[in-house]
1. Among the residues of the stretch 214-230, write down those that are within 7 Å of ligand 1 (Cβ to nearest atom) and either surrounded by fewer than 21 Cβ atoms within 10 Å (Cβ to Cβ) or farther than 24 Å from Gln51 by Cα (or both).
2. Given the criteria within 16 Å of ligand 2 (Cβ to nearest atom), within 22 Å of Lys100 (Cα to Cα) and among the small types (Gly, Ala, Ser), does Ser247 qualify?
3. For the stretch 59-115, what are the residues that are farther than 29 Å from Arg167 by Cβ and in contact (Cβ under 8 Å) with a residue 60 or more places away in the chain?
4. Under 7 Å by Cβ, and 6 or more places apart or on different chains, what pairs join a residue from the stretch 38-52 that is closer than 15 Å to Asp22 by Cβ and in the same structural domain as Arg18 (by TED's automatic domain parsing) with one that is away from ligand 1 (no atom under 11 Å from the Cβ) and β-branched (Val, Ile, Thr)?
5. Looking only at the stretch 174-201, count every residue that is crowded, with 18+ Cβ neighbours inside 10 Å and more than 16 Å from ligand 2 (Cβ to nearest atom) and tell me the total.
6. When you scan the stretch 202-231, how many residues do you find that are within 16 Å of ligand 2 (Cβ to nearest atom), in contact with a helix residue (DSSP H, G or I) (Cβ under 7 Å, 6 or more places away or on another chain) and closer than 14 Å to Val163 by Cα?
7. Given the conditions (1) hydrophobic (A, V, I, L, M, F, W, C); (2) touching a Ser or Thr at 6+ places or on another chain (Cβ under 8 Å); (3) in a strand (DSSP E or B), report the number of the one that Ala55 does not fulfil.
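The values are calculated or read from the model by the stated rules, or taken from the named source; none is laboratory data. In this text, all values refer to a predicted model and were calculated from it rather than measured experimentally. Reconstructed Cβ throughout: ideal geometry from the backbone, glycine too, with neighbour counts over all protein chains shown.
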Amino acid sequence: MSGALGHALLEQVGALARRAGDAIMAIYRQDFEVEFKADHSPLTAADLAAQKVIAAGLASLDPVWPIVSEEARQLPWEQRRQWTRYWLVDPLDGTREFVKRNGEFTVNIALIENHHSVLGVVLAPVTGELFAAAQGHGAWQQAHEGGAWQRIATRALARPARVAGSRSHGGAQEDTLRHMLGDDYQLQPLGSSLKFCLIARGAADVYLRRGPTSEWDTAAAQCVLEEAGGAVLDLHGQPFRYNRGESLLNPEFIAVGDSGIDWTRKLRDAGLP
Ligand SMILES: Nc1ncnc2c1ncn2[C@@H]1O[C@H](COP(=O)(O)O)[C@@H](OP(=O)(O)O)[C@H]1O
Ligand SMILES: [Mg+2]
């Protein structure tokens with residue numbers, strides 16, 4: 001992504017994520033009702049309020065690109081297959097954590113270009129932490145609105161390894177992780193795309209996700225993690241791609257900080273996929 005375009009877009013999209021975060025926090029501080037979608041996942045007024053802010057904000061940017069969002073009607077593959085650029089959005093990732101009020105939820109906005117995540121912004125509204133990256137511009141963290149931007153980077157695989165895992169979904173994958181990382185790995189449960197951000201800032205090494213996630217759950221954080229030096233790989237060791245077909249479900253994956261390791265071989269030796 002060219003220098004000026006990447007920088008200007010990151011600023012605009014970062015500010016937009018913060019506005020969506022404000023809309024979420026206005027609801028977080030009050031009593032709110034929880035509905036359940038057809039797939040039994042929770043939905044609150046906060047998901048919809050953030051969706052509204054983000055959809056209006058992205059539509060006001062120039063140029064206007066199409067949007068795929070968890071909280072909008074999905075356009076059919078016949079239309080999506082023509083796209084070279086589009087926004088991929090999860091206005092509130094970690095709705096279960098929002099409902100539990102543990103702060104582990106995020107606003108996620110990614111720009112996809114030819115199936116790659118080339119710009120990503122992840123905001124944790126409760127702490128005010130914002131993670132942002134654009135291809136070729138590195139990965140950055142801002143502790144609070146108006147704060148200084150700090151460049152972040154992954155670390156070399158540590159021993160004992162630290163593993164970020166879902167708080168609400170998927171098994172612990174203990175045998176696989178022990179096989180890949182040694183018996184002494186430490187597990188840190190965490191909701192939402194914050195797991196990727198933990199690895200991106202060098203505070204964890206691995207996040208192994210078995211079971212379903214959708215493209216909007218991973219896209220923004222993938223750009224952050226890649227620009228910080230890490231990778232998001234399917235269980236065959238192939239980097240993640242977006243807008244691949246009718247289904248918007250991701251394959252199972254591993255997110256890693258140390259991309260100098262032969263993860264394909266480690267996955268195979270651990271009996272995956
Ligand atoms: N059966 C399922 N199908 C699709 N996605 C699922 C799923 N179960 C969980 N997820 C995804 O996992 C995300 C939460 O992951 P985690 O538990 O690691 O925080 C959810 O994000 P949302 O909260 O945005 O719906 C949801 O998208
Ligand atoms: Mg989500």
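1. Scanning the stretch 214-230 gives a single hit, Ser214.
2. No; evaluated as a whole, the condition is false for this residue.
3. Pro76, Trp77, Arg80, Arg81, Trp83, Tyr86, Glu113, His115
4. Cβ pairs passing all conditions: Ala45/Ile27; Ala46/Ile24; Ala46/Ile27; Ala49/Ile24; Ala49/Ile27; Ala50/Ile24.
5. Here the count works out to 9.
6. 1
7. Answer for Ala55: the failing condition is (3).
Listed here are the residues, each with its yes/no results for (1) within 16 Å of ligand 1 (Cβ to nearest atom); (2) under 19 Å from Gly128 (Cβ atoms).
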{"position": "Ser2", "(1), (2)": "no, no"}
{"position": "Gly6", "(1), (2)": "no, no"}
{"position": "Val13", "(1), (2)": "no, yes"}
{"position": "Ala17", "(1), (2)": "yes, yes"}
